[in-house]
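Please read the structure below before turning to the comments.
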Amino acid sequence: MEFCNVNGVIPNEQFGFRKNSNCEMALISAVDGWCKAVGNGEYVGSLLIDLSKAFDMVSHNKLLSELQSIGCCLDTLKWFESYLQNRKQRVVLQDHLTNFISINQGVPQVSALSPLLFNVFVRALPRCVKSDAIQFADDIPNKLRKNAVYHLQVAKKTDTGGLHHMPR
């Protein structure tokens, strides 16, 4: 975590899973931005995005690529690769057990590392949208502000186009 803090790896727009940050701070930031825009005579809309099953959808290969891009050395990358890959899971319900299945994506949700790995994985999100994005973990209230309602409606349809460039 210290490496990410010192090197500015996690963008300021991400309020989730960070020291000295919380949901209330994300809400205050969002409402403050909305109030400033309204005070400037702009119309404000918000596109609320929830990344469904976010921790389960993290691509191991793309996460490893992100870790390399932030400066993790080869030994560290190999450690993370061994941590993420060759995992199996099964369901236990009372006396019934399913067979084990291989897990090819996702970060373990019971690990202290998982929130940090998720933040590294989605760190590019604020750069992928044209408007102000605030993140709290896997929830993103994306603020849209325009001088006319029509332009706001158009922006709602087009602003998230950059999300297609996010790692999947």
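Points to keep in mind about this one:
- The mean accessible area for residues of segment 24-114, using a 1.4 Å probe and ignoring ligands and nucleic acids, is 71 Å² per residue.
- Environment charge at L67 (Cβ cut-off 14 Å; Lys +1, Arg +1, Asp -1, Glu -1): 0
- The Cα center of segment 74-131 and the Cα center of segment 1-59 differ in position by 22 Å.
- A cut-off of 5 Å between modelled amide H atoms, ignoring neighbours fewer than 5 places along the same chain, links I49 with I140, N142.
- Under 17 Å of direct C-alpha separation, and excluding same-chain neighbours fewer than eight residues apart, K88 reaches these aspartates and glutamates: D56.
- Y83, Y43, ranked by accessible area, largest first (probe 1.4 Å): Y43, Y83
- Protein heavy-atom surface of segment 15-93, 1.4 angstrom probe: 55% of the accessible area is carbon and sulfur, with nucleic acids and ligands not counted.
- For K53 and E2, a Förster radius of 25 Å and the Cβ-Cβ distance give a FRET efficiency of 0.30, rounded to the nearest 0.05.
The values are calculated or read from the model by the stated rules, or taken from the named source; none is laboratory data. What you see is a predicted model; the values in this text were computed from it and never measured. In this analysis, Cβ positions are derived from the backbone assuming ideal geometry, glycine residues included, and neighbour counts consider all displayed protein chains. The protein model used for the area step is the full one, side chains on, heavy atoms only, and it has no ligands, DNA or RNA in it. Shrake-Rupley method; radii C 1.70, N 1.55, O 1.52, S 1.80 Å.
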